[in-house]
Amino acid sequence: MPHRTFLAFILPSIVAMLLFIATPIVSIVVQSLYIQHDKILVMSETCQPLGGCVKETRVDSEATEKIRREQPLGKFNGFGIYEDHNHLAFLDIGNIVSANAGFFEKVSRLYDLPFYRALVFTLTYALTVTPLAMCLGFVIALAVNAVPKFIKGPVIFFSLLPMVVTPLIGSLVVFWMINAEGILGAAIQHITNNPDLSLKASPTMTWITLICYGIWTNAPFSFIVFYSGLQTVPSDTMESAMIDGASRFQRVRFVILPTLLPLAVFVTLVQLMDNFRVLEPIIGFNAAANATSLSYSIYTALNNQSAQLFSSAAATSVLTITGVIILLTPILIRTAREFGFRT
Amino acid sequence: MSSVAHRRPFHLAAMSTAFVLFWLVLAAFPYVWTVWGSFKVESDFFSRETWQNAVFGVKTIQQTGSAFTGDGYYGAWVESQFWRSVINTAIVATCVTTISLTLGTLGGYALSRSVHRYKFWILIVALVFRAMPDITLVSGYLLPFFQLNIWGYLPTTIIVLVALNQPFTLWMLYSFFVNIPKELDESALVDGCSRFQAFRLAVMPVMWPGVITTGLFSFLLGYNDFAVTSMLLTQENQTMIPKISSFLFKIQSEGHVMYAVAAVVSATAPLFVLIMFFQRQLVAGLTAGAVKG
């Protein structure tokens, strides 16, 4: 296809991506280097005829408004915002490391820093949910492939529900069930005979709940992709494996798995990307006290009651994007290489 | 698969059926439970005493005289004006799907027929773009959008969602078009068609399975999005999902949790219908294209 025709076909798509994905990335990098203007203070002296003079400082709200409106980006701040307590917190880390405390206390104090707290949860979530959900999805796909044909339709329909239903709604539905008054929460309290047991009470329980929820919503995607892949496993390879005397397990291990491997790479990539941006479950489960993610930190900074904290949100965004890229580089390189061979 | 060699031993068939049943309960029960419970009153749905209240609606009969009540739905749709968000969601999801598919089919087709090196780079960059968490990009939109005075309107959100959806659409459709034989449109070119005519007359008639699958994913993205719609829309332009999240807190303090339950069920219903109609195409489309790439 000549360059001109190619460009004509793909231009709208490229322009959309450049304008709304590439430009915002530049925009957050710039925003993170600036910080909102300080309030402008004015000194004024009021003198009373008999009482002498009193100096007072007050905020000149008019002038503050004006300068903030004229320069919405704020003033240049360099990398200041990255270093502060809410982000990389170099100073705090230095203090904690040099502090005279035990190893575990140091770790727990590091974990109290907002950015690292969010990072640890995000990584744990993405790295546990992705493989576990893929395994579950694979097993479901094998099992569904084996059930009689006439019930396959309904089975696939119900299996897809956790995936297609909006994440926020799915998490609310589960949240209402594990509520102390909901059916699951009450059942758990009844079984363990402990009326105070709640899945939201301790950080550990919240983490387990969120991760289980993540596996539940992510498994259907792996399932449907692997199930579609299973339909393309060549039957002659399968038959020759059977003639060679391969057991059922060996057939899965040496015929099915290798055929599905490229798919597994694709699923890992998509799922890692999606799980790294975990946001809705934390809102749905109201879990922010025990677990926050990077996306959630950005969301709260943008939703701040008093003022939208653009530079803080931007700095966290830049750090998040860096994290995503570091996490995905190995898989990206692999995909790129595989892809390069084929073309 | 009916030959003796392919027959599965009984214990294996039983085990996989049992596992599938277990998974079905796991996948479907929360929704069944919530749909059923949305027609009850709060003290039944969130019953401290026994779960049987929610099944038989003991308190619902006491309070309303019947085992089922539509109060939650009335409260959500009429009192909380949920219908507005429903209309907004319909607009957003439809537009996002149509525009994404239009741009995506053209782009995906061009990528699949190009032999130049830059096609490879475009696809890799698209993959990197796909990895960007939505909310990080949203924090980049807000300030410029305020300045340009385009914040809060539905068209802005639609274009943003289309753009965010492009990488995935391009990849899906690319891997689908690669599997459509080149000879099809090349013979049309030989017959004197322009590239676009060849696309329209030779490729378009056979591309629908892949387009439907991709469209389904685009629709879900537009319909399910929370990060973008909650930050980029004004109160009255809100779609269903941010609407539910924003009135959740208000409603809980007023003791109308059932409004939220009803709204949640209303927002899920269209998805049920969608999957019921399109699940066959979803598997067919994935088998035909995407899963090979």
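The values are calculated or read from the model by the stated rules, or taken from the named source; none is laboratory data. Fair warning: this is a prediction, and the values are worked out from it, not measured in the lab. A quick note on method: Cβ atoms are made from the backbone with ideal geometry, for glycine too, and the neighbour counts reach across all protein chains shown. Only protein heavy atoms, including side chains, enter the accessible area calculation; ligands, DNA and RNA are left aside. Shrake-Rupley method; radii C 1.70, N 1.55, O 1.52, S 1.80 Å.
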Practice item. Please state which of the following conditions A:W216 fails to meet, knowing it meets all the rest: (1) at the interface with another protein chain (Cβ under 10 Å from one of its Cβ atoms); (2) more than 25 Å from B:V228 (Cβ to Cβ); (3) at pLDDT 90 or above. Key: (2)
Review point. So A:I156 fits all but one of (1) open to solvent by 50 Å² or more (accessible area, probe 1.4 Å); (2) facing chain B (nearest Cβ under 9 Å); (3) among the aliphatic types (A, V, I, L, M); what number is the exception?
Key: (1)
Practice item. Could you please let me know if B:K243 is under 27 Å from B:G37 (Cα atoms) and surrounded by fewer than 24 Cβ atoms within 10 Å (Cβ to Cβ)? Key: no
Review point. Yes or no: A:A63 without any contact (Cβ under 8 Å) to a residue 12 or more places away in the chain and assigned to a helix (DSSP H, G or I)?
Key: no
**Study point:** Listing of helices (runs of 4 or more DSSP H) fully contained in the range B:178-262 that carry 2 or more residues being touching a residue at least 40 places away in the same chain (Cβ under 8 Å)
**Key:** B:182-190, B:208-224, B:227-232, B:240-254
Review point. Hey, among the residues in the range B:134-170 that are under 17 Å from the mean Cα position of the chain (by Cα) and closer than 15 Å to B:F226 by Cβ, which one's farthest from the other protein chains (Cβ to nearest Cβ)?
Key: B:T157
**Study point:** Close pairs (9 angstrom Cβ cut-off, 6 or more residues apart or separate chains): within 21 Å of B:V160 (Cα to Cα) and more than 7 Å from chain B (Cβ to nearest Cβ) in the range A:4-19, among the charged types (D, E, K, R) and surrounded by fewer than 13 Cβ atoms within 10 Å (Cβ to Cβ) anywhere
**Key:** none
Revision key, fill the gap. Of the candidates B:T105, B:T50, B:T94, the one satisfying the condition of being farther than 30 Å from B:M204 by Cβ and among the β-branched types (V, I, T) is B:T50
Exercise for review: Can you give me the number of residues within the range A:159-182 that are within 25 Å of A:L136 (Cα to Cα), open to solvent by 10 Å² or more (accessible area, probe 1.4 Å) and facing chain B (nearest Cβ under 7 Å)?
Suggested key: 2
Study note, to complete from the structure: Of the candidates A:V265, A:V255, A:V270, A:V225, the one satisfying the condition of being of a type in the set (A, V, I, L, M), open to solvent by 20 Å² or more (accessible area, probe 1.4 Å) and in contact (Cβ under 8 Å) with a residue 12 or more places away in the chain is A:V265
